[in-house]
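The values are calculated or read from the model by the stated rules, or taken from the named source; none is laboratory data. This is a predicted model, so every value here is computed, not measured. Reconstructed Cβ throughout: ideal geometry from the backbone, glycine too, with neighbour counts over all protein chains shown. We work out accessible area using only protein heavy atoms, side chains counted, and drop any ligands, DNA or RNA first. Shrake-Rupley method; radii C 1.70, N 1.55, O 1.52, S 1.80 Å.
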Amino acid sequence: MKYNFDEIIDRRNTNSMNTDGFREYLFKGRENLNFPYKDDEFVRMWIADMDFATPPEIIEAIHKRLNHRIFGYSQVFDPNYYAALSNWTTRMYDWTFPKEQLVTSPGIIPALYELCEYICKPDEKVLILTPSYAFFQSAVEFNNLELVCSELNNEQGHYTINYADLEAKANDPKVTLCIFCNPHNPTGRLWKEEELREVGEICLRNNVWIISDEIHCDLLRSGLSHTPFAKLFPQSDRIVTCMAPSKTFNMAGLMFSNVIIPNKMLRELWLCRHYSFKNPLSIAATQAAYEHGQQWHKELLQYLDDNFKFTDEFLSKYLPEAEFKIPEATYLAWVNISKYISGEEDLTGLFAAQAGVLLEGGSMFVDHGHGYIRLNLACPRAILKKGLQRIAAFLNSYRASHSI
Ligand code: LCS
């Protein structure tokens, strides 16, 4: 390996959400909570960023841009940016899109907030699949739109789409948009082509727009490949694709993402209303990621594969009744612990207080996450091991003392 993913980097006092902002995010309104652990004693497996250094090739590109010394108003003008992204999507997913369809945003979440507003009229409804990344709900509710949830089928931890339910909900004329997570956070499902086709056909025949949030699409187990939703429906202009280097290369704080809008009217609305200036360091970093990030990315996937293997073996040995399957995508483990703990709503608070682990309990995922915890495995193996040991010790003692 050329890159060192075992390195432990102290992230405290860098304005990082992960280390310095967990109270505000996980315990909003209860920031003064006292835990038996000091803040720096927690094992942090919560927010979806990584404890790995961003690739040196990206840092070098930022340095190069810094050395220019002027950081005036900027946007993407250099055609090499499109070329870099388009080469990446062609190489990775055998798919590309015309240059004029590409717009950029400081993040996918801000893009979702805007797109909901631009696509939907005030009394309309937006469909999501649950459990779900909670900001999908926030984007809908921020725009005073109604949220409609279709629960995924869950058979022993294997999640599939309930097409009949989705069709019934999409059939409501007030449902005009579906925000679809491809691959899916938190379950880690990498949707198959036939699943995407079915969802696409349901939405399109019911005049429902699709926003396909593909932020996790480069975080697959080695050997698997991602299908962009829009690739399957080249004749439709109702599928908006969101992609970003932020998760893949651990640069969420640089706030840069790609939004591909085939529909001309929607794109014109975006171009007219979106605040279009971008951070020049982020543009340079993103272009470098797509141009020079391939080797680092390959090694990252290998390290994540091994972290998942380690987790799977650890759970089989020390928490054999936890339901867990190595997901096809994301660096997130979605683990059903209901055989060890029951009737507890606030698993996030409980694990922080009693295990010294910061994680996200299932109730943080809109709905239908009951009994689950989500663990972020994108950390050095030594940290992962410590986190898993704490989780196992806590759950085994909880079960013993509660006679579950
Ligand atoms: N979309 C999905 C599906 C995500 O999982 C995340 C981050 C974002 C968008 C954020 O996009 P951004 O605005 O940064 O471009 N997911 C996180 C999570 O699950 N926990 O912490 C962040």
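State whether the residues of the range 147-168 include one that is within 16 Å of the ligand (Cβ to nearest atom) and among the polar types (S, T, N, Q). So far as the range 147-168 goes, no, none of its residues is within 16 Å of the ligand (Cβ to nearest atom) and among the polar types (S, T, N, Q). Only one of the numbered conditions (1) outside any loop (DSSP other than H, G, I, E, B); (2) crowded, with 18+ Cβ neighbours inside 10 Å is violated by MET265, and that is (2). When residues in the range 109-129 are screened for being within 16 Å of the ligand (Cβ to nearest atom) and in a loop (DSSP other than H, G, I, E, B), 0 of them pass. The condition of being out of contact with any Lys or Arg (no Cβ under 8 Å at 6 or more places or on another chain) and either at pLDDT below 95 or away from the ligand (no atom under 16 Å from the Cβ) (or both) holds for only one of PRO79, PRO98, that being PRO98. Residue check: PHE71 meets all listed conditions (1) out of contact with any Leu (no Cβ under 7 Å at 6 or more places or on another chain); (2) under 20 Å from CYS379 (Cβ atoms) but one, namely (2). Please identify the pairs in which a residue from the range 143-171 that is open to solvent by 70 Å² or more (accessible area, probe 1.4 Å) has its Cβ atom under 7 Å from the Cβ atom of a residue that is of a type outside the set (D, E, K, R) and part of a strand (DSSP E or B), counting only partners at least 6 apart or on another chain. Listed pairs, sorted by first residue: GLU151/THR130.
Applying the criterion of being surrounded by 21 or more Cβ atoms within 10 Å (Cβ to Cβ) and away from the ligand (no atom under 16 Å from the Cβ) to the residues of the range 204-221, the residue that is nearest to the chain's Cα centre (by Cα) is TRP209.
Yes/no per residue for (1) at pLDDT 95 or above; (2) near the ligand (Cβ under 10 Å from one of its atoms); (3) closer than 30 Å to ARG205 by Cβ; (4) among the aliphatic types (A, V, I, L, M):
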{"residue": "PRO228", "(1), (2), (3), (4)": "yes, no, yes, no"}
{"residue": "LEU232", "(1), (2), (3), (4)": "yes, no, yes, yes"}
{"residue": "SER257", "(1), (2), (3), (4)": "yes, yes, yes, no"}
{"residue": "GLU268", "(1), (2), (3), (4)": "yes, no, yes, no"}
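The residues of the range 326-343 that are of a type outside the set (S, T, N, Q) and surrounded by 17 or more Cβ atoms within 10 Å (Cβ to Cβ), listed by number, are PRO327, GLU328, ALA329, TYR331, LEU332, ALA333, TRP334, VAL335, ILE337, TYR340, ILE341. Among the residues making up the range 1-48, a single one is over 22 Å from ILE391 (Cα atoms), touching a Leu at 6+ places or on another chain (Cβ under 9 Å) and of a type in the set (A, V, I, L, M, F, W, C): PHE5.
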